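Only one structure is covered here, and it is reproduced in the block below.
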Amino acid sequence: MSINIDVSMSIKRELVVPGSFEYLVTIADFIAEVGCEAGFDQDTIFHVQMAVDEACSNVIEHAYCGPSKGDINLCCDCQGGEWVVTIRDKGRPFDPDQVVKPKLDTDLEDIKTGGLGLYFMHQLMDSVEFTFGKDGNKLRMVKREV
Amino acid sequence: METQTVEYKRCSVVAASGRVDSNTAPAFEEALKKVIDGGQHNVVLQLSGVEFLSSAGLRGMVSGLKACKSGGGNLVLAIPSERVKTVLDLAGLTSLFSVFDDLTAAVGSF
C-alpha cells in the first residue's frame, strides 16, 4: 500500500510489499507514480524503475534466498531535482563486494551475465550505497535530474 | 508477459510482449528453450511489444543465443522497442545480436 507521508515542497512516499517476484510490477507502478508526480521525465523514471527492479530482485534472490520470506520497504524522497530511493529488507546481510562482476566485453562463449543487475544499478543511478545493521539491509540510491 | 511462436520453413519467430522481469523471465526463457530443444536453431525474437526488460530477461536472451549458435544456427532480434535497445546498450551487448527493424528482413536472414 502506498502511503503519502508528507508533501511540503517535496514528495516523500513509502511502499511496503511482500518480497515476491509478482510484486515487481506493483513496485514499477509505484516508481512511475512518484516520478510523474515529482515531474521527472520518462527516461529518468525508466532508469529508476530498472535500478529498483534489479535491486528488489536481488533482495528476493540473495537477501531472502527465495520468494515470500519477508517484506521489502521502499521509500522515495524527491526534492530539488534529486530522487532518493531507499530499499530496506530484513534478509541476510548483502555484501556487494562478494557479487561477481559480469564479463560482457568478450566473445559469446565467454560472456558471464552474473552480477548484471548490480552493474545496471551502478550504470543507471548517480550513487548506490549498501549498509547492513541490526534492522537488516539498507540500500540508498540517488538519481539526479539530467 | 506473453509469448507467441510461429514456425516458418527456415526459422521460428518467438514474439514476446509486456514485462520481462525476474517474475516472467523463466516463462520467456522456456518459450525460447522449447523452440530450440525442438530442433529449431534459427530463431527470430520479436521484441516490439516488450515494454520492460530486466537483466533476468537479458540473461535468457544470451542463453538462447548460445544454444542457437551451438546448434549451428542463430538467434536474431526483430523490431526491438526503444526500451529494449536501451538495455542492450547499457549492457554493451548490442553488437552480440543481429538486429532487424523489420520482421520480414529478420525471417529472410535465414
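Taken over segment B:5-22, residues that are away from chain A (no Cβ under 14 Å) and either more than 28 Å from A:Glu61 (Cα to Cα) or crowded, with 21+ Cβ neighbours inside 10 Å (or both) amount to 11.
Among the conditions (1) more than 13 Å from chain B (Cβ to nearest Cβ); (2) crowded, with 17+ Cβ neighbours inside 10 Å, A:Gln79 misses just one, which is (2). The C-beta contact set for segment A:55-76 (first residue away from chain B (no Cβ under 13 Å), second residue acidic (Asp, Glu), distance under 9 angstrom, 6+ apart or interchain) comprises A:Ala63/A:Asp89; A:Gly70/A:Asp89; A:Asp71/A:Asp89; A:Asn73/A:Glu14; A:Asn73/A:Asp89; A:Leu74/A:Glu14; A:Cys75/A:Glu14; A:Cys76/A:Glu14. Only one entry of B:Gly108, B:Gly64, B:Gly92 meets the criterion of being in contact with a Leu (Cβ under 8 Å, 6 or more places away or on another chain) and either closer than 23 Å to B:Gln40 by Cβ or among the β-branched types (Val, Ile, Thr) (or both), and that entry is B:Gly64. Checked against (1) more than 21 Å from B:Ser54 (Cβ to Cβ); (2) without any contact (Cβ under 8 Å) to a residue 60 or more places away in the chain, A:Glu82 passes all but condition (2). If we scan segment B:23-39, do we find a residue that is away from chain A (no Cβ under 11 Å) and not in a helix (DSSP H, G or I)? Yes. Does B:Val87 qualify as being modelled with pLDDT of 95 or more, surrounded by 14 or more Cβ atoms within 10 Å (Cβ to Cβ) and either within 14 Å of chain A (Cβ to nearest Cβ) or assigned to a strand (DSSP E or B) (or both)? It is true that B:Val87 is modelled with pLDDT of 95 or more, surrounded by 14 or more Cβ atoms within 10 Å (Cβ to Cβ) and either within 14 Å of chain A (Cβ to nearest Cβ) or assigned to a strand (DSSP E or B) (or both).
Every residue, every condition in (1) surrounded by fewer than 21 Cβ atoms within 10 Å (Cβ to Cβ); (2) not in a helix (DSSP H, G or I), yes or no:
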| residue | (1), (2) |
| --- | --- |
| A:Val16 | yes, yes |
| A:Thr26 | yes, no |
| A:Asp29 | yes, no |
| A:Val34 | no, no |
| A:Phe40 | no, yes |
| A:Ile45 | yes, no |
| A:Ala55 | no, no |
| A:Pro67 | yes, yes |
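Taking the criterion of being surrounded by fewer than 18 Cβ atoms within 10 Å (Cβ to Cβ) and either within 13 Å of chain B (Cβ to nearest Cβ) or assigned to a strand (DSSP E or B) (or both), the only residue of segment A:89-99 that qualifies is A:Val99. In the set (1) more than 24 Å from A:Lys90 (Cα to Cα); (2) away from chain B (no Cβ under 14 Å); (3) modelled with pLDDT of 90 or more, A:Leu124 fails one condition alone, (2).
The values are calculated or read from the model by the stated rules, or taken from the named source; none is laboratory data. What you see is a predicted model; the values in this text were computed from it and never measured. Please note: Cβ atoms are built from the backbone with ideal geometry, for glycine as well, and neighbour counts cover all protein chains shown.
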